[in-house]
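As structure tokens, the structure follows; a few thoughts come after it.
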Amino acid sequence: MNFFWDLFLGGITRGSIYALIALGYTMVYGILELINFAHGEIYMIGAFTALIAASILTMQGLTGISVLLLAMVIAVLYSSAYGYSVEKIAYKPLRQAPRLSPLISAIGMSIFLQNYVMLAQTSDFLPFPDLLMDVELPEAIAEWIAPSEFMIVVSAAVLMICLTLVLKFTKMGKAMRAVAQDREMAMLLGINVNRIISRTFIIGSALAAIGGVLIGSHVGRINFYIGFAAGIKAFTAAVLGGIGSIPGAMLGGLVLGLTESFATGYVSSDYENVFAFALLVLILIFKPEGLLGRSSQQKV
Amino acid sequence: MKFGEELKKSFFIALGLILLTFPIMVVQVNTIENVIVWRWRNLIFIGLGGFIFSFVWLLFQKKKSESSPQTPAGHSRLHRIIDEPRLYRPALSIIAFFALIFPFVFSHYQVNIMTTALIYVMLGLGLNIEVGLAGLLDLGYVAFYAVGAYSYALLNYHFGLGFWSALPVGAILAAFAGILVGFPVLRLRGDYLAIVTLAFAEIIRLVLENWNEFSFGPSGISNIPRPGFFGIKLTPEQSAIYMYFLLILMCIFTIFVIHRLQHSRIGRAWVALREDELACQAMGIDKTKAKLAAFALGATWAGMAGVLFAAKTTFINPASFTFLESAMILSIVVLGGMGSVVGVVIAALALILIPEYLRVFSNYRMLLFGAALIIMMVFRPQGILADRRKKYEFHKLESGEGN
């Protein structure tokens, strides 16, 4: 039972991070129909910025939760700026191009950012300060769940609720949904589509950065390559849930996290990623539109 | 000032870049000694580099937006050279002559690099069937390459199978893998297909890495024999030259087959499928069959390239078959111009040879590669040589009218 509970918790923790990153994929895909390959790199850059900021802050004598919050804010700001710039440089000039072009440029951007961080920082693993451990939990909760896991699950949940509310009730959220539904029609109705796309990238990047800070602190080390695996898995989660669907990305992330956790716990830990990808293949074969996605009708 | 607008814009872009890259470029945390290194000098580089780069970028973008409506696609200077027999025949014979004397003039090292580049030509042309002709975006092409390489290595290890018998076996196994992957995923549309092929490739790589009893894990398989030459023992230098000519022949064979395929019934079906799936089905083309054929044929070439790769390097391990390799091959196809054989050949040679000869920048190789992909897509999305459809035109007799 205890082993089961540990695996369950591990899965939920992992899954919430996947879900946070997956949201960025699914939002961009919903609007541009583009697999933003560089999204994983944005997450990695978020983690690096937070590491740098936290180191500087700690050396200035700050401690506890203030370091976590400040580092997170800086990481979010920088990642959003990166997400915004990536869109402006690599995707915006390609709006009218054939569908493969932005994808290739996204792959190029992903390779570029990885090597940029590797050259400017280091190719080794860097230890990430444990920012989440400083949080004190009430004893009743601490008995069941580690503080870092608790923080991850709670912050992911809060963020997702906020995002849902923003999309549902604000004017910007409405505009986003409109652009996702029909870009040209939205443009005709006076929505500034380019601005909405930029904002989508900014929101997605911010979520990815928070994911990066949380996972960095949870796992305890980062390097320039963490974005690749996380990106692919988050994309898997987005597809699992039905790409373009916000609740789908959340559900997909959790399902993926749990599957991985239980499969590594009960079957074999060598094949962790194999299980994730096999799940993706199976879902796509039997339910190509994903768990919560709507199947789209094709027309000539 | 003519460029006033651009200069002002690039100044702000450079300023933005300085702000953007500040934490990553300037601050370096040494976590062992717990000190922070501030590298302020990098800011100057970023500022200057960003300014010049964005200025050039903006100029080109302006030029592109001014000139794009007039120039119709597919009438570039390169195309004119290719179309003109007086030009391309001597060019072709010069290339053939150069290819013939190459291994005897240049060093062993150069020959090896050229052989690698030729393997990529084969891979690019093979993927071109899937992506360029049939429009099936395959991000896991390297899986079939791995199947080919491992089938030679394992068959040789367990059963002592030679190169020449392994070549068709590897090709068939890869084709089989292509059908195996293709069959379940063909119902999926573009991006889903891309991600599933990527997932399949990762699964295959991870299995190769972890299933030690089967594939010897990350340490790989060594001592794979080079191809024999009618039973004569060759020195490493000689066998490198032999390998080189073998690949030249394979590439010619590949180009020949693809050229024939392109204008055949199935080739035209692929192009139609790429352009519009539903309309294509309405015209009576069996979608599943055509797609499976594209997958199987594309995979066949990857399989053969894999066998050749294993024979050339005599050592393989799963690290040679990562996603980056798939991205590389896909870039060759896209940079070359999807569907265009000559373009793919040029792109493969350029992408493999240029980095090899720019060893000075070896650290920056992948950085430049990534940047090149983006720049290429922004300024020339159709690739080096855009593919053109064969057209049949009717010309009036011009001389007959006057008399």
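For the range A:172-245, the helices (runs of 4 or more DSSP H) that sit wholly inside it and include 2 or more residues that are in contact (Cβ under 8 Å) with a residue 12 or more places away in the chain are A:193-219, A:226-241. None of A:Leu258, A:Leu279, A:Leu284 is away from chain B (no Cβ under 11 Å) and either within 19 Å of A:Ile17 (Cβ to Cβ) or surrounded by 19 or more Cβ atoms within 10 Å (Cβ to Cβ) (or both) except A:Leu258.
Here A:Ile56 does not qualify as without any contact (Cβ under 8 Å) to a residue 60 or more places away in the chain, over 28 Å from A:Gly290 (Cβ atoms) and in contact with a helix residue (DSSP H, G or I) (Cβ under 8 Å, 6 or more places away or on another chain). Of all the criteria given as (1) crowded, with 24+ Cβ neighbours inside 10 Å; (2) modelled with pLDDT under 85; (3) assigned to a helix (DSSP H, G or I), the one not satisfied by B:Gly339 is (3). Of the residues A:Ile196, A:Ile215, which is within 30 Å of A:Arg177 (Cβ to Cβ) and more than 15 Å from the chain's Cα centre (by Cα)? Going through A:Ile196, A:Ile215 in turn, the sole match is A:Ile196.
The set of residues from the range A:1-22 being modelled with pLDDT of 90 or more and more than 15 Å from A:Ile152 (Cα to Cα) comprises just one member, A:Ala22.
Among the residues of the range B:250-276, just one is touching a residue at least 12 places away in the same chain (Cβ under 8 Å) and not in a helix (DSSP H, G or I), namely B:His263.
Candidates A:Gly212, A:Gly227, A:Gly231, A:Gly253: the one that is modelled with pLDDT of 85 or more, under 30 Å from A:Val117 (Cα atoms), touching a Gly at 6+ places or on another chain (Cβ under 6 Å) and within 11 Å of another protein chain (Cβ to nearest Cβ) is A:Gly231. Across the range B:1-36, the qualifying residues are those that are part of a loop (DSSP other than H, G, I, E, B) and within 11 Å of chain A (Cβ to nearest Cβ), and the one among them that is nearest to A:Gly61 (Cα to Cα) is B:Asn34.
Can A:Gly46 be described as touching a residue at least 60 places away in the same chain (Cβ under 8 Å) and more than 10 Å from every other protein chain (Cβ to nearest Cβ)? Criteria met by A:Gly46. As a summary of the residue check, A:Ser85 satisfies the conditions (1) surrounded by fewer than 24 Cβ atoms within 10 Å (Cβ to Cβ); (2) farther than 29 Å from A:Glu149 by Cβ; (3) at pLDDT below 90; (4) not aliphatic (A, V, I, L, M) except for the one numbered (3). Looking at the range B:225-238, is at least one residue surrounded by fewer than 22 Cβ atoms within 10 Å (Cβ to Cβ), more than 10 Å from chain A (Cβ to nearest Cβ), closer than 30 Å to B:Gln281 by Cβ and of a type in the set (A, V, I, L, M)? No, there is no match, as no residue in the range B:225-238 is surrounded by fewer than 22 Cβ atoms within 10 Å (Cβ to Cβ), more than 10 Å from chain A (Cβ to nearest Cβ), closer than 30 Å to B:Gln281 by Cβ and of a type in the set (A, V, I, L, M). When we screen B:Leu155, B:Leu127, B:Leu139 for residues that are within 20 Å of A:Ile232 (Cα to Cα) and either part of a helix (DSSP H, G or I) or within 14 Å of another protein chain (Cβ to nearest Cβ) (or both), the only hit is B:Leu139. Whether a residue is facing chain A (nearest Cβ under 9 Å) and either among the hydrophobic types (A, V, I, L, M, F, W, C) or at positive phi (or both) was assessed, and B:Trp57 passes this test. Taking the range B:37-108 as the region of interest, the helices (runs of 4 or more DSSP H) fully inside it that hold 2 or more residues being modelled with pLDDT of 70 or more are B:41-67, B:85-105.
Of everything listed in (1) within 14 Å of chain A (Cβ to nearest Cβ); (2) modelled with pLDDT of 80 or more, the single unmet condition for B:Gly190 is (2). For the range B:158-195, filtered to residues that are under 24 Å from the mean Cα position of the chain (by Cα) and in a loop (DSSP other than H, G, I, E, B), the residue that is surrounded by the most Cβ atoms within 10 Å (Cβ to Cβ) is B:Leu188.
The rows are residues; the columns are (1) under 24 Å from B:Asn128 (Cα atoms); (2) out of contact with any helix residue (DSSP H, G or I) (no Cβ under 8 Å at 6 or more places or on another chain).
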| position | (1), (2) |
| --- | --- |
| B:Ile172 | yes, no |
| B:Ala175 | yes, no |
| B:Val181 | yes, no |
| B:Arg205 | yes, no |
| B:Glu213 | no, yes |
| B:Gly228 | no, no |
| B:Thr235 | no, yes |
| B:Met250 | yes, no |
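Take the conditions (1) modelled with pLDDT under 80; (2) surrounded by fewer than 13 Cβ atoms within 10 Å (Cβ to Cβ); (3) hydrophobic (A, V, I, L, M, F, W, C); B:Val29 misses just one of them, which is (2).
Just so you know, in the range A:31-41 the residues that are within 12 Å of chain B (Cβ to nearest Cβ) and in a helix (DSSP H, G or I) include one that is surrounded by the fewest Cβ atoms within 10 Å (Cβ to Cβ), and it is A:Leu32. The lone criterion from (1) modelled with pLDDT of 85 or more; (2) under 17 Å from the mean Cα position of the chain (by Cα) left unmet by A:Phe262 is number (2). Taking the condition touching a Leu at 6+ places or on another chain (Cβ under 9 Å), within 14 Å of another protein chain (Cβ to nearest Cβ) and modelled with pLDDT of 85 or more, does A:Phe112 pass? Yes: the conditions hold for A:Phe112. Only one entry in A:Val166, A:Val153 is in a helix (DSSP H, G or I), surrounded by fewer than 21 Cβ atoms within 10 Å (Cβ to Cβ) and free of Cβ contacts under 8 Å to residues at least 40 places away in the same chain, namely A:Val166.
Within the range A:62-77, identify whether any single residue is of a type in the set (A, V, I, L, M, F, W, C), touching a Leu at 6+ places or on another chain (Cβ under 6 Å), within 10 Å of another protein chain (Cβ to nearest Cβ) and assigned to a helix (DSSP H, G or I), and answer yes or no. The answer is no, given that none of the residues of the range A:62-77 is of a type in the set (A, V, I, L, M, F, W, C), touching a Leu at 6+ places or on another chain (Cβ under 6 Å), within 10 Å of another protein chain (Cβ to nearest Cβ) and assigned to a helix (DSSP H, G or I). Right, A:Glu87: touching a residue at least 40 places away in the same chain (Cβ under 8 Å) and within 11 Å of another protein chain (Cβ to nearest Cβ) or not? Taking the combined requirement at face value, the residue does not satisfy it. Per the conditions (1) out of contact with any Lys or Arg (no Cβ under 6 Å at 6 or more places or on another chain); (2) surrounded by fewer than 18 Cβ atoms within 10 Å (Cβ to Cβ), the sole criterion not satisfied by B:Leu247 is (2). Based on what the data block shows, is A:Gly108 touching a residue at least 12 places away in the same chain (Cβ under 8 Å), over 18 Å from the mean Cα position of the chain (by Cα), buried (at least 24 other Cβ atoms within 10 Å of the Cβ) and part of a helix (DSSP H, G or I)? The answer is yes for A:Gly108. Filtering B:Leu358, B:Leu349, B:Leu385 for residues that are over 23 Å from A:Arg99 (Cα atoms), in contact (Cβ under 8 Å) with a residue 60 or more places away in the chain and more than 10 Å from every other protein chain (Cβ to nearest Cβ) leaves a single hit, B:Leu349.
The values are calculated or read from the model by the stated rules, or taken from the named source; none is laboratory data. All of these numbers come straight from a predicted model, not from anything done at the bench. Positions of Cβ are generated from backbone atoms using ideal geometry, with glycine treated the same way; all protein chains shown enter the neighbour counts.
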